[in-house]
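Okay, so here's the structure we're looking at.
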Amino acid sequence: MIVTSEAELDGLKEIGRICANVLQGMARAVEPGMTTLELDDIGRAMLEAAGAVSAPEAVYQFPGATCISVNEEVAHGIPSGRVIRAGDLVNIDVSASKNGYFADNGASFGVGQMRPVLDQLCRDGKKAMQIGVKQVAAGKPLNGIGMAIERFAKPRGYTLIRNLASHGVGNSLHEYPEEIPTWTEKRDKRVIEKGLVLTVEPFLSMGGEWADTEEDGWTLYAEPSAPTVQYEHTVVATEKGVIIVTIPD
């Protein structure tokens with residue numbers, strides 16, 4: 001989507017705020033002993049209360065209102081009877097629509113006390129996303145996002161999952177540009193357009209290079225197997241820099 005009016009920007013900010021509030025609310029609600037389906041029910045209720053519709057459910061018939069991935073699961077985890085336990089690494093990805101506008105955000109975090117190395121992975125994953133977001137502005141190279149992220153990740157011994165990319169969003173959940181690398185891709189010569197709406201969502205890993213799909217057709221696992229985190233914002237490129245729309249109240 002290319003934003004061309006204040007009304008469009010306001011619509012994006014509204015759904016962005018809703019998605020961010022739901023993500024934050026679900027993260028606060030997590031506790032050992034609850035199932036991922038119970039956590040998803042909380043997210044569903046919050047979306048409905050805000051007048052929003054789950055995007056993965058409506059667009060792709062995903063079997064859940066949100067994606068909840070635990071430990072070895074990298075992304076697109078299906079809410080189920082899986083019990084969340086102390087020390088687990090959990091990723092929640094919330095995307096939704098309202099009044100024709102879509103936004104998408106996600107975050108990873110530990111439940112209770114987590115191993116220090118995983119705690120550091122979460123801090124660095126969030127930092128990697130923030131570094132990528134700072135590269136967004138009208139007229140800047142699109143591949144600057146991934147190049148900056150990899151400059152941060154590689155010296156610290158991290159890898160980036162290379163078949164899970166950022167993407168355009170706004171009028172639908174996934175739209176042009178559909179593949180925005182969060183790693184170095186020098187052949188990509190695209191330039192960020194004024195008003196472009198996109199996600200920035202690196203998958204930072206302790207060794208994973210690729211995401212493989214489980215037999216259920218949805219759940220993704222790192223290959224080679226390794227702890228992996230994802231942090232994501234929906235942003236708008238302007239001539240003065242970036243507007244983050246997935247900001248909670």
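Odds and ends about this structure:
- Residue within the stretch 36-46 that is among the aliphatic types (A, V, I, L, M) and within 24 Å of residue 166 (Cα to Cα) present: no
- The residues in the stretch 107-125 that are surrounded by 15 or more Cβ atoms within 10 Å (Cβ to Cβ) and in contact (Cβ under 8 Å) with a residue 24 or more places away in the chain can be counted, and the count is 10.
- Candidate set from the stretch 151-165 (those that are outside any helix (DSSP H, G or I) and in contact (Cβ under 8 Å) with a residue 40 or more places away in the chain); member that is farthest from residue 2 (Cα to Cα): 157
- Answer from 20, 27 - the residue that is within 13 Å of residue 91 (Cα to Cα), within 19 Å of the chain's Cα centre (by Cα) and in a helix (DSSP H, G or I): 27
- Only listed residue being in a helix (DSSP H, G or I), in contact (Cβ under 8 Å) with a residue 40 or more places away in the chain and surrounded by fewer than 19 Cβ atoms within 10 Å (Cβ to Cβ), chosen from 38, 14: 14
- Qualifying positions in the stretch 1-20 - of a type in the set (Asp, Glu) and within 23 Å of residue 40 (Cα to Cα): 14
- Complete set of residues in the stretch 200-246 that are of a type outside the set (Ser, Thr, Tyr), more than 25 Å from residue 63 (Cβ to Cβ) and part of a strand (DSSP E or B): 200, 204, 233, 235, 236, 237, 241, 242, 243, 244
Coordinate-derived values only; no laboratory data. Not measured: the values here are computed from a predicted model. Using ideal geometry, Cβ is built from the backbone for each residue, glycine included, and neighbour counts are taken over all protein chains shown.
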